[in-house]
Amino acid sequence: MAMELGPGITRRCPCGAFTVVLTSKTKENPGRRFYKCGVVFGENHIFKWADDAHLEEIEAMAAKQSVMEQDLIKIKEQLLEMKKDITEIVEVVAALSTKIRK
Ligand SMILES: [Zn+2]
């Protein structure tokens, strides 16, 4: 039975143990690195190829970065609007104080 894993690098196994990174020595995947439960090797404990995990991690980070870039564009627009508002307020205050002095 396959475990449901979140995307990216898994630092903890559902059993609570930290994961470790090891290098495969099998004929099928020689030298390929993988994350596994630091305590138990077997069903219901983490096993994930490092290259898959790293790719998922990069994809998740790229998605986050894209959202942050969009947010930054909105924030810059809002900042510009606020600067315009402040300029208007300063002008109104200046006009009022001139009237009061007269
Ligand atoms: Zn475990």
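Values quoted throughout were computed directly from the atomic coordinates according to the rules given, and no laboratory measurement underlies them. Because the structure is a prediction, the values reported are computed rather than measured. Cβ sites come from the backbone with ideal geometry, for glycine too, and all protein chains shown count toward neighbours.
Extending 7 Å from Cα along the Cβ direction at Lys27 and again at Glu81 yields two label points whose distance is 6.6 nm. To make sure I understand the rule: partners must be lysines, Cα under 19 Å from the Cα of Lys64, and not fewer than 8 residues away in the same chain. Which ones qualify? Reachable lysines: Lys74, Lys76.
Sketch the reach of a paramagnetic label on Leu72 as a point 7 Å from Cα along Cα-to-Cβ, and name the residues of the range 23-59 whose backbone nitrogen lies under 16 Å away. Residues passing the 16 Å test: none. Distant-in-sequence amide contacts of Gly8, defined by a placed amide H-H separation under 5 Å and a gap of 5 or more residues or a different chain, comprise Glu56, Glu57. Only DSSP H runs of four or more residues enter the estimate; each adds -39500 (n - 2.57), and after division by the residues of the chain the mean residue ellipticity at 222 nm equals -19000 deg cm²/dmol. Amide H contacts under 5 Å for Arg32: Ser24, restricted to partners 5 or more places along the chain or on a different chain, H placed in the peptide plane at 1.01 Å from N.
Diffusion of the range 19-75 by Stokes-Einstein, at 10 °C in a medium of 1.306 mPa s and with Rh set to the Kirkwood radius over alpha-carbon pairs, works out to 118 µm²/s. In the chain the Cα-Cα distances spread across 5 Å bins starting at 0 as 2, 11, 12, 12, 10, 7, 6, 5, 5, 5, 5, 4, 4, 4, 3, 2, 1, 0, 0 percent of all pairs.
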